[in-house]
Each structure stands twice: as structure tokens, then as C-alpha cells.
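The values are calculated or read from the model by the stated rules, or taken from the named source; none is laboratory data. Every value quoted in this text rests on a predicted model; they were computed, and no experiment measured them. Using ideal geometry, Cβ is built from the backbone for each residue, glycine included, and neighbour counts are taken over all protein chains shown. With ligands, DNA and RNA removed, areas are computed over all heavy atoms of the protein, side chains included. Shrake-Rupley method; radii C 1.70, N 1.55, O 1.52, S 1.80 Å.
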Amino acid sequence: MIVEGSYPLPGSPDVIWDLLMDPDVLAKVMPGTKALSRTAPDRYEGTMGVGIGPITAAEFELTITLTDLQRPASYTMQIDGKGRFGFTRGTANVELASEGVGTVMRYRADLQVGGKIAGLGQRLLDSVSRMLTRQGLDALNRELTARLT
Amino acid sequence: MKPPPFEYYRPSSLEGALTLLAEREEAKPLAGGQSLIPAMNFRLAAPAMLVDLNDLGELAGITAAGAGIRIGAMTRHSAVERDRRIAERAPLLWETMPHIAHPQIRNRGTVGGSLAHADPAAELPAVMVAVEATVLLRSTRGERRVPAAEFFTGLFRTALLPGELVTAIEIPPLPPRTGWAFEEFARRHGDYALVGVAVLVTLDGGGRCERARIALLSVGDGPVLATRAMGTLQDSDLDASVIREAAERGARDDIEPPSDIHASEAYRRQLTRVLTRRALTRAVARAREASR
């Protein structure tokens with residue numbers, strides 16, 4: 001499954017970069033995050049719970065490893081998540097480019113989803129991942145706006 | 001498979017059901033159970049408590065409401081499908097009913113349940129948006145009336161507040177000189193449609209488009225009103241080229257369809273183009289027939 005898009009954010013790439021590397025900020029903006037901590041300089045581990053409609057929020061363990069860090073322009077995340085309803089793993093690329101007074105964030109994730117959730121929820125995976133991505137970016141936008149004013 | 005344990009209540013009055021739902025926030029209403037029970041059996045859903053609405057006769061049934069029609073939330077799909085008054089007063093809904101899942105599911109599934117569930121591939125939400133129905137909601141705090149277009153707020157999300165139930169849906173009378181059509185495509189009949197479209201077209205006295213409503217399903221987070229396609233039709237003579245242009249506009253600009261193993265985004269756009277054109281062509285022919 002490919003999730004990609006771009007999102008305009010206020011502030012310079014440097015400011016946004018610092019936020020994206022801050023586990024406290026990530027825990028706040030990533031939908032359903034219950035805990036998130038940095039366990040190594042380039043590694044985050046956490047617990048998330050995501051429920052959609054009638055589906056009870058299921059907890060899953062998430063590990064994110066950062067590679068190819070090109071501050072403040074781009075980085076890659078190796079994503080590995082496991083839970084009762086299935087698993088997800090893959091990579092996500094993030095690019096930050098200054099545009100006018102703000103920054104445009106471009107993202108592209110290539111994720112494999114398996115287990116029960118993939119078998120039963122296949123037709124909804126794309127819509128759900130888009131919705132979660134949008135929620136996360138909107139939350140990041142709010143966080144940035146609050147910090148810049 | 002078996003569901004995880006849950007408490008079960010089967011109140012005999014609407015007031016009793018609303019009180020239970022108000023007191024216990026973990027309570028989940030059970031209507032026909034055609035979506036909730038499979039989700040529980042697969043253990044994707046695990047509500048701690050169910051409030052079974054199947055003894056609430058006051059919520060079931062179809063009644064005339066002025067020149068329109070009112071359908072109680074617990075009315076089964078099969079009852080709607082077989083009611084002559086629906087055929088006469090809400091022909092778009094009538095035409096849609098056989099497309100919903102399978103007869104066995106329609107025997108049990110309810111109109112209110114389908115609306116409250118708000119599956120993006122469901123037929124009824126799109127039809128209710130197309131016909132500008134009003135959803136009636138009740139809680140211990142009172143009654144609310146919400147236009148269908150405002151009721152559906154996202155993926156499996158509605159305007160329902162905690163403790164609130166859908167009690168009925170009201171469909172306004174079909175305006176004069178109006179035609180309708182429903183089209184959908186599924187790989188097997190009864191499967192979730194890859195794309196569906198519900199259309200109403202009303203002509204003015206001179207045979208031009210006074211008003212058009214196009215609602216799509218399975219191409220977004222919920223029912224999608226194709227406002228740009230509708231704008232293309234407005235005040236036009238509704239000839240084949242305008243219909244083609246409107247369908248093109250809808251497929252290109254009104255939707256952001258998902259990609260999955262069943263259909264790519266591009267294929268869903270193509271289906272939207274073709275099905276919208278077919279539905280509009282049939283609806284316009286019916287509107288012309290009704291204008292004679």
C-alpha cells in the first residue's frame with residue numbers, strides 16, 4: 001500500500017525538523033499514540049491504539065528507525081508495527097522544502113499490512129491510512145502554529 | 001467464531017433503551033446486527049454491552065408523512081423493498097433496495113442500522129443524501145432532526161452523539177417533472193460495490209435542468225455529493241453531451257477514490273464516469289416522461 005502526498009506547513013524546515021524528531025511532539029500528533037519514547041538516537045518505540053467506527057481500538061507496538069538523515073531536507077523511516085489484529089511494516093520518506101514563508105512536506109510511504117486486519121479490512125485500508133495521515137498532519141500543523149505565535 | 005463476553009439488554013420501550021444508552025457509555029445499540037455481529041465474531045469489535053432494539057416496535061414501520069414518507073429506524077430492508085408506497089413516493093430508494101447485499105441480509109438488516117453504521121460502500125447513505133432526507137435522532141435530552149448531507153461526517157462517522165439513537169428517516173415527496181436512477185458495479189452481486197451512484201433530476205417547465213442531485217458511494221469516506229457534476233447540469237438542456245461532460249467532471253473533480261485490491265483509484269474514476277452517465281441518461285428520460 002502506498003500512502004503519499006504533500007502538506008503545507010508554517011515555519012522553516014529547520015523548525016519542523018526539530019518537531020519531527022521530538023518524541024513528545026510525535027506522541028501528541030500521531031493519532032492514537034498512547035506512549036512513545038526514544039530508545040536510541042535514531043530509534044523510537046511506542047504503543048498506538050487505532051479504532052475505526054465499530055472496530056474496537058486495538059493496541060499495537062510500533063518501532064520506527066530513522067535512516068538517511070539529511071537535516072533539514074529529508075529522512076527515511078523504517079516502520080515496524082505488531083498487534084493483535086495484524087502487522088505493518090515498510091518505509092516512509094519525508095522531504096521538507098522551504099516554499100515562500102513556510103515549508104512543504106512531501107511524504108511517501110510503502111507499507112505492507114498483514115494479518116486479520118488485512119484480510120477483513122482490506123477495502124478500508126487505503127481510506128483509513130489517508131484519514132490517519134490527514135489527522136496527524138493537521139495536528140502537526142496546529143502544534144506548529146501554536147509554537148510560532 | 002465467537003464474540004468476547006458482553007452484557008446484553010433487550011428493553012421493551014424506546015425510553016428504556018435511551019436511559020440505558022445514557023447511563024452506560026460503553027453500551028452499543030444492536031439493530032439488525034448484519035455488520036456489528038460479524039465484527040464481534042471476528043473480535044474486531046468488543047462492546048462491553050449491547051442494547052438490543054429489536055423489541056422496539058415503535059421504531060419499525062413505514063408511514064406517510066404529508067406527501068413524503070417516514071421510515072422507522074428498525075424497519076428491515078426487505079420491508080422497504082416490498083412496500084408499494086415506497087415505489088410510489090420514493091422511487092429512487094425503491095430502485096436501490098435490491099442492490100443492498102443479499103436477500104438474507106435484507107431480511108434482517110435495518111434502515112437505521114445502515115445509516116448509523118455509515119459504511120462508505122453502503123447504498124442507503126448515498127440515496128438519503130440524493131433525496132435530501134432528514135434523519136431523526138433521539139436521546140434522553142430530546143429529539144434532533146439532521147439533514148442527511150450533514151449526518152454523514154466521515155469514515156464510519158456520523159452526527160450521532162453519545163447516547164443518541166436514529167429513530168426514523170423522512171424522505172420528502174418527489175418534486176414534479178423528476179426522474180431518478182441508481183447504478184452500481186460490484187464484481188459479484190451483493191458484494192460491496194466498487195462504485196455506486198444515486199441520481200435525481202428535476203426539469204423546469206421548459207424542459208431544462210431545474211435541479212440535479214448526484215450522490216456517489218464507495219469513492220470516499222462516506223457518501224459524496226458530486227457538486228461540480230451537478231453544477232455542470234444546472235440550467236442545461238441535459239442533452240447527451242452535457243451528461244457526458246457532467247459525468248467526466250464528477251469522475252475527475254468531485255472524488256478522491258481509494259485504491260485497494262478490488263479496484264484501483266483510476267478504475268474507480270472510470271466506473272464513476274460510466275455509471276454517472278448511465279444513471280443520468282435514465283433519470284433524464286424518466287423526468288421527460290414525467291413532464292409530458
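At a glance:
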| read-out | value |
| --- | --- |
| Residue within segment B:266-273 that is touching a Phe, Trp or Tyr at 6+ places or on another chain (Cβ under 7 Å) and in a helix (DSSP H, G or I) present | yes |
| Candidates A:Thr39, A:Thr47, A:Thr56, A:Thr63 - the one that is out of contact with any Ser or Thr (no Cβ under 7 Å at 6 or more places or on another chain), within 30 Å of B:Ile37 (Cα to Cα) and in a strand (DSSP E or B) | A:Thr47 |
| Matching residues in segment B:118-147 - criterion: being part of a helix (DSSP H, G or I) and either touching a residue at least 40 places away in the same chain (Cβ under 8 Å) or of a type in the set (D, E, K, R) (or both) | B:Glu123, B:Pro125, B:Ala126, B:Val127, B:Met128, B:Val129, B:Ala130 |
| Total residues in segment A:33-53, condition within 14 Å of another protein chain (Cβ to nearest Cβ) and open to solvent by 30 Å² or more (accessible area, probe 1.4 Å) | 3 |
| A:Ile55 being farther than 16 Å from A:Met1 by Cβ, of a type in the set (A, V, I, L, M, F, W, C) and over 18 Å from the mean Cα position of the chain (by Cα) | yes |
| Selection count, segment B:38-65, where residues are modelled with pLDDT of 95 or more and farther than 19 Å from B:Ile169 by Cβ | 5 |
| Residue check for A:Met77: free of Cβ contacts under 8 Å to residues at least 40 places away in the same chain and away from every other protein chain (no Cβ under 13 Å) | yes |
| Residue count for segment B:135-163, restricted to those that are among the β-branched types (Val, Ile, Thr), open to solvent by less than 30 Å² (accessible area, probe 1.4 Å) and out of contact with any Phe, Trp or Tyr (no Cβ under 7 Å at 6 or more places or on another chain) | 1 |
| Where B:Leu92 falls short, out of the listed (1) more than 14 Å from chain A (Cβ to nearest Cβ); (2) out of contact with any helix residue (DSSP H, G or I) (no Cβ under 7 Å at 6 or more places or on another chain) | (2) |
| Close pairs from segment B:36-53: first more than 11 Å from B:Pro4 (Cβ to Cβ), partner of a type in the set (Asp, Glu) and not in a loop (DSSP other than H, G, I, E, B), Cβ under 7 Å, at least 6 apart | B:Met49/B:Glu7 |
| Hey, B:Ile255 within 14 Å of another protein chain (Cβ to nearest Cβ), in contact with a Ser or Thr (Cβ under 7 Å, 6 or more places away or on another chain) and not charged (D, E, K, R) or not | yes |
| Residues being in contact (Cβ under 8 Å) with a residue 40 or more places away in the chain, within 13 Å of chain B (Cβ to nearest Cβ), not hydrophobic (A, V, I, L, M, F, W, C) and not in a strand (DSSP E or B) - total across segment A:106-142 | 6 |
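Conditions (1) open to solvent by less than 20 Å² (accessible area, probe 1.4 Å); (2) more than 11 Å from chain A (Cβ to nearest Cβ); (3) in a loop (DSSP other than H, G, I, E, B), marked per residue:
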{"position": "B:Thr19", "(1), (2), (3)": "no, yes, no"}
{"position": "B:Ala22", "(1), (2), (3)": "no, yes, no"}
{"position": "B:Glu25", "(1), (2), (3)": "no, yes, yes"}
{"position": "B:Lys28", "(1), (2), (3)": "no, no, no"}
{"position": "B:Gln34", "(1), (2), (3)": "no, yes, yes"}
{"position": "B:Met40", "(1), (2), (3)": "yes, no, no"}
{"position": "B:Arg43", "(1), (2), (3)": "no, no, yes"}
{"position": "B:Leu50", "(1), (2), (3)": "yes, yes, no"}
{"position": "B:Asn54", "(1), (2), (3)": "no, yes, yes"}
